[in-house]
Amino acid sequence: MPYCHLKQLELVPYSGNWFLIASVVAVLVGSASAFFLISLDPATVWRESHPRAIGLGPGVGLVRAFMQEHAEVLNKMPAVLFLCERLLSHTRTAHGHAARSC
């Protein structure tokens, strides 16, 4: 019988490691769910105060699906630039990147 107790005592460090890992995961998942629940209230208030936004959902989904379906063709087409984007394309920094002013 004493041999069985020694085998069980050898598992204590492994159990401690797994307990520590599980505690860290629990804190991270709990924090993420708390953040989600805290941010859900303002999102619900915004959604209820803008009823037309719900109607835009299907249209936005259709546009996004179209763009994903035709991404290869759309990448070959010249982009329509807004005025501030045209200014950015001419204003380059020392590293060759466009400066952001919009």
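The values are calculated or read from the model by the stated rules, or taken from the named source; none is laboratory data. Fair warning: this is a prediction, and the values are worked out from it, not measured in the lab. Because the Cβ atoms are built from the backbone with ideal geometry, glycine has one as well, and the counts that use them run over all protein chains shown.
In the set (1) under 21 Å from the mean Cα position of the chain (by Cα); (2) at pLDDT 85 or above, the condition left unmet by His50 is number (1). In region 72-85, which residue that is assigned to a helix (DSSP H, G or I) and surrounded by fewer than 10 Cβ atoms within 10 Å (Cβ to Cβ) is modelled with the lowest pLDDT? Within region 72-85, the match that is modelled with the lowest pLDDT is Leu83.
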